Amino acid sequence: MHQDAPMLATLTDLQASHCVVEYGMMIAGAPPRTMLIEVCKLSDVFLMVEARRNSEWRKSIARPDINAVTIHVRHMGDKAECESLRGRMLYDITQAGGDVPICNAYGTNVNNKAQAIACSNGETYRTQSEAAERTGVTQSAVSQCCAGKLKSVKGLVFWRVTE
C-alpha cells in the first residue's frame with residue numbers, strides 16, 4: 001500500500017515541505033488505530049498542529065485508555081501533491097471496506113461539502129460565505145471563529161453545525 005517517507009530533511013526542507021501524516025492511537029488491549037490522515041508542513045508534524053485543530057482528535061486524545069500516539073509520515077512533497085495523496089488514501093480506505101478515520105469523518109469537512117454555520121444572533125446559514133455576507137463580516141473571520149482562532153467577530157460568535 002503506502003510507504004513511509006524517508007526522513008532525511010534539512011532545516012530548509014522542514015520549513016518548506018509538506019507531508020501526508022497519519023496519526024494513530026494505541027489503545028489498551030486493541031490493535032493500533034488510524035485516527036487522522038492530514039496534510040501539514042513537515043515542521044509541524046511532531047507538534048501535531050493540524051491534529052490539535054481537529055475536535056475529534058482533541059476528544060480522543062483525552063481518553064484514559066490511550067497508551068501512546070503513533071505518527072507516520074507517509075509522503076513528503078509540495079502541498080498539492082500531498083493533498084491529492086491524502087484524498088487517495090481516504091478513498092482507498094473506503095473502497096477496501098474500511099471506515100474513514102474518525103477524525104477525518106467528524107472533526108473536519110472531509111467531503112468538501114458545505115457545512116451549516118450557526119451564529120450567536122440566532123440564525124443558521126448554509127455556508128461560511130452566506131454567514132459572512134449576511135452579517136457583514138469576512139468569510140475568513142467566520143472561518144477563524146469556527147476554528148476557535150477568534151473568540152468573536154464584531155460581537156458575533158460562529159460555529160459549525162454538526163449533524
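The values are calculated or read from the model by the stated rules, or taken from the named source; none is laboratory data. Everything quoted here is computed from the prediction, not taken from an experiment. Virtual Cβ from ideal backbone geometry, glycine too; neighbours counted across all protein chains shown.
Provide a single number: the residues in segment 67-87 that are within 16 Å of W57 (Cβ to Cβ) and outside any helix (DSSP H, G or I). So that I can check it myself, show each step before the final result.
So in segment 67-87, the residues within 16 Å of W57 (Cβ to Cβ) come out as 68-72, 86.
Within this subset, residues satisfying the condition of being outside any helix (DSSP H, G or I) are 68-72.
Qualifying residue count, segment 67-87: 5.
Might you check whether a residue that is modelled with pLDDT of 85 or more and more than 22 Å from D44 (Cβ to Cβ) occurs anywhere in segment 107-117? Can you show your working first?
Step one: filter segment 107-117 for residues modelled with pLDDT of 85 or more, giving 117.
Cutting the leftovers down to more than 22 Å from D44 (Cβ to Cβ) gives us 117.
Within segment 107-117, one or more residues are modelled with pLDDT of 85 or more and more than 22 Å from D44 (Cβ to Cβ).
Select from segment 60-79 the residues that are modelled with pLDDT under 80 and either among the small types (G, A, S) or not assigned by TED's automatic domain parsing to the domain that holds C19 (or both) and write down the one among them that is farthest from the chain's Cα centre (by Cα).
A62
What number of residues in segment 24-59 are over 22 Å from M76 (Cα atoms), within 15 Å of the chain's Cα centre (by Cα) and either not basic (K, R) or not assigned by TED's automatic domain parsing to the domain that holds E83 (or both)?
Residues that pass the stated criteria total 3.
Among the residues of segment 51-68, write down those that are under 20 Å from L90 (Cα atoms) and surrounded by fewer than 20 Cβ atoms within 10 Å (Cβ to Cβ). Let's see the steps before the verdict.
Going residue by residue through segment 51-68, those that are under 20 Å from L90 (Cα atoms) are 51-57, 60.
Once the filter is applied, which keeps residues that are under 20 Å from L90 (Cα atoms) and surrounded by fewer than 20 Cβ atoms within 10 Å (Cβ to Cβ), segment 51-68 yields R52, R53, S55, E56.
Step by step: first the residues of segment 143-160, then only those that are of a type in the set (A, V, I, L, M, F, W, C) and either in a loop (DSSP other than H, G, I, E, B) or out of contact with any Phe, Trp or Tyr (no Cβ under 8 Å at 6 or more places or on another chain) (or both), then the one that is surrounded by the most Cβ atoms within 10 Å (Cβ to Cβ). Which residue is that?
F158
For the subset of segment 119-142 comprising residues that are of a type in the set (S, T, N, Q) and surrounded by 18 or more Cβ atoms within 10 Å (Cβ to Cβ), which member is farthest from N54 (Cα to Cα)?
Taking segment 119-142 as the starting set, the residues that turn out to be of a type in the set (S, T, N, Q) are 120-121, 124, 127-129, 135, 138-140.
Then keep just the ones that are surrounded by 18 or more Cβ atoms within 10 Å (Cβ to Cβ); that gives 128, 135.
On the way: Q128: 18, T135: 26 Å.
Per the criteria, the residue is T135.
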